[in-house]
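Step one of this worksheet: look at the structure below.
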Amino acid sequence: MPDSDSKLYFAHETAVIDEGCEIGAGTRIWHFCHVMTGSIIGQNCNIGQNVVVSPGVVLGNNVKVQNNVSLYTGVSCEDDVFLGPSCVFTNIINPRSAVSRKEAYVKTKVEKGASIGANATIVCGHDIHQFALIGAGAVITREVPAYALMVGNPARQSGWVSEYGHKLVFDASGMAICPESGQQYEMIAGAVKRKS
C-alpha cells in the first residue's frame, strides 16, 4: 500500500499502486493505471485510465490527467494543470536501448494552470510556464512562456491566452480582456501578465 491513507482517495481495482508513493485526499485513479514508488500525487486529482506515473513524478493539487498519458521520471506539474489524452513527456534527449542513462534524466516542469492538448509531446528540459496552452498534437522543443498558445510540430507560438483559455487580442496600449472572465491582461516587453 502507498504511504497515504487509502480511505482518503479512490483507486479502481485494476490500478496498481506501488508502496512508497503519496496520494492526496479526494484523488481518483482509474482503470489500469500504474502509480510507481516515489511518486507524489496531490489532493483532488483525477488520473484517467491507462496512465503511468513514474518514480519521482510530482503532481500538485487538482491536476487532471486524461487517458493514456505517460508521466516519466523528471516531470513535475503544479496545481490545476490539465494533461490531455495520450500526451507524452520524455526524459532523455538521446535515448538508446543499449545505453543506460537513468542517472541523467532531464527535468520538465509544468506550472500552475497550464494545459497540454491531446497527443502533444513535451521534449524534456523545456518548462511550460503558468497558464500556457499547448495545442493538440504539438511537439514542444523549447521553453514556453506564461500565457502562450503553442501549436504545430515543432510547436510555434500563435498568440496568447487568458487563464480561462481564450485567445487574447491586445489593443494599441498593450491591454486585452478575457471575453469570459473579464480579467484584464497587459503585455510588457513581450511578456503577458494578468493585471491585478
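We did not get these values from a lab; they are worked out from the coordinates using the rules stated. Model, not experiment: these values are computed from the prediction. Here the Cβ positions follow ideal geometry from the backbone for every residue, glycine too, while neighbour counts run over all protein chains shown.
Summary table
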| item | result |
| --- | --- |
| Extreme residue, surrounded by the most Cβ atoms within 10 Å (Cβ to Cβ), among residues of region 111-135 that are assigned to a strand (DSSP E or B) and β-branched (Val, Ile, Thr) | 116 |
| Qualifying positions in region 108-165 - within 15 Å of residue 76 (Cβ to Cβ) and basic (Lys, Arg) | 109, 112 |
| Condition met for residue 51 (under 15 Å from the mean Cα position of the chain (by Cα) and among the hydrophobic types (A, V, I, L, M, F, W, C)) | yes |
| Residue tally, condition touching a residue at least 24 places away in the same chain (Cβ under 8 Å) and not in a strand (DSSP E or B), over region 68-80 | 6 |
| Hits in region 115-145 (condition: aliphatic (A, V, I, L, M) and touching a His at 6+ places or on another chain (Cβ under 7 Å)) | 140, 144 |
| Residue in region 81-97 that is of a type in the set (A, V, I, L, M, F, W, C), farther than 25 Å from residue 162 by Cβ and free of Cβ contacts under 8 Å to residues at least 24 places away in the same chain present | no |
| Scan of region 33-63 for residues that are buried (at least 18 other Cβ atoms within 10 Å of the Cβ), touching a strand residue (DSSP E or B) at 6+ places or on another chain (Cβ under 8 Å) and not hydrophobic (A, V, I, L, M, F, W, C), ordered by number | 39, 42, 48, 54, 60 |
| Answer from 112, 107 - the residue that is within 22 Å of residue 68 (Cα to Cα), under 10 Å from the mean Cα position of the chain (by Cα) and basic (Lys, Arg) | 112 |
| Residue match in region 91-101 (condition: crowded, with 18+ Cβ neighbours inside 10 Å and under 17 Å from residue 132 (Cβ atoms)) | no |
| Any pair with Cβ under 8 angstrom, 6 or more apart, that starts in region 9-32 at a residue that is among the basic types (Lys, Arg) and ends at one that is surrounded by 15 or more Cβ atoms within 10 Å (Cβ to Cβ) and in a loop (DSSP other than H, G, I, E, B) | 28/9; 28/45 |
| Pair list, Cβ < 6 Å and 6+ apart or interchain, from region 167-196 residues that are without any contact (Cβ under 8 Å) to a residue 60 or more places away in the chain to residues that are among the acidic types (Asp, Glu) | 174/186; 175/186; 195/186 |
